[in-house]
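Structure, as structure tokens:
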Amino acid sequence: MAGGVNLEPQIKICGLVNDEDARLLVKYKIQYAGFVLFYPKSKRCVSIDQAREIMKNLSPEIKTVAVTVSPAKSQIEEIERAGFDLIQIHGTMDMEGLEHSSIPILRAVNVDTQIQMEKFTKHIEDKISGYVFDGKNPGNGEKFDWALLDTIVKHNKKIMLAGGLNADNVRRAIETASPDIVDVSSGVEKDCGIGKEESKIKAFVKAVRNQ
Ligand SMILES: O=C(O)c1ccccc1NCC(=O)[C@H](O)[C@H](O)COP(=O)(O)O
């Protein structure tokens, strides 16, 4: 990646569905907690009320991320009112909704064979605190070619790497792409697919922190 090497990125665990998931994030000192909202097609989708209950188990230093797909203005407002730290946006950006919001944005870029960065007005650009580079279909455990991130210029934005990461491949991903944050969901999930598995989180954290 143009602009620096980060061999011990922060960690985001995405798709929390219950209190136990949240307690594991505290135990393993994970920095970001993601909640999939307003997207019933996802098995990890929770309501804002459920997310707020789960969040009570997090420690204050963990940043909460509302993960959305093409959120409407009213949904952006609801997310802001609920007190999330960041909104992660896949799909389309409702410029009017975002113009009037002050919640920092993580813009998701779902990568297929190349990375094409969007252009935004300065007002929106200033609200984007980082980019989440993810596989083509988010939350499906799909990787993309991490070396594509080599061409990205950071412009003071956080670079988050997602898509098919797990304890076995995350160190290689870090060494290839040197992201600021690594983001995982399927790779630390229980075999039944609902909720996070402690042994997988432990192994993931060990690999990221090179312990
Ligand atoms: O997780 C979902 O089901 C989901 C649905 C719609 C939009 C985004 C979604 N998840 C976003 C993410 O959490 C990241 O894509 C994720 O951390 C990477 O997922 P995975 O490849 O399963 O590790």
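Values in this text are rule-based calculations from the coordinates and carry no lab data. What you are looking at is a predicted structure, and each value in this text was computed from that prediction instead of being measured. Note: ideal-geometry Cβ built from the backbone for every residue, glycine included; neighbour counts use all protein chains shown.
Any lysines with Cα under 21 Å of the Lys56 Cα? List them, leaving off those in the same chain fewer than 8 positions away.
Lys12, Lys27, Lys29, Lys196
List, in the order given, every pair from Lys63/Lys154; Lys43/Lys158; Lys63/Lys206; Lys41/Lys202; Lys43/Lys119 whose Cα-Cα distance in the structure shown is over 25 Å.
Violating the 25 Å limit, Cα to Cα: Lys43/Lys158; Lys41/Lys202; Lys43/Lys119.
Which value in deg cm²/dmol, rounded to the nearest 500, describes the helix-derived mean residue ellipticity at 222 nm for the chain, given -39,500 (n - 2.57) per DSSP H run of n ≥ 4 and division by the residue count?
That calculation yields -7500 deg cm²/dmol at 222 nm.
Restricting everything to alpha-carbon atoms, can you work out Rg to Rh for segment 141-208 with a Kirkwood hydrodynamic radius?
Here Rg/Rh amounts to 1.00.
In what order do Cys192, Cys45 fall by count of nearby beta-carbon atoms within 10 Å, going from fewest to most?
Cys192, Cys45
Could you work out the local net charge near Gln50, counting Lys and Arg as +1, Asp and Glu as -1, over the other residues with Cβ closer than 13 Å to its Cβ?
It works out to a net charge of -1.
Pick out which of Phe120, Phe144, Phe84 has the largest mean-square fluctuation in a Gaussian network model of the chain, springs linking Cα atoms closer than 10 Å.
Ranking Phe120, Phe144, Phe84 by mean-square fluctuation puts Phe120 first.
Picking from Arg171, Arg44, Arg52, which is most flexible by a Gaussian network model of the chain using Cα springs under 10 Å?
Arg52
Using only the alpha-carbon atoms, what does segment 10-208 span along each of its principal axes? Please give whole angstrom values in decreasing order.
Computed over the Cα atoms, the extents are 43, 39, 30 Å.
Who wins for biggest fluctuation among Val188, Val153, Val67 in a Gaussian network model of the chain, springs between alpha carbons below 10 Å?
Maximum fluctuation in the GNM of the chain, among the listed residues, is at Val153.
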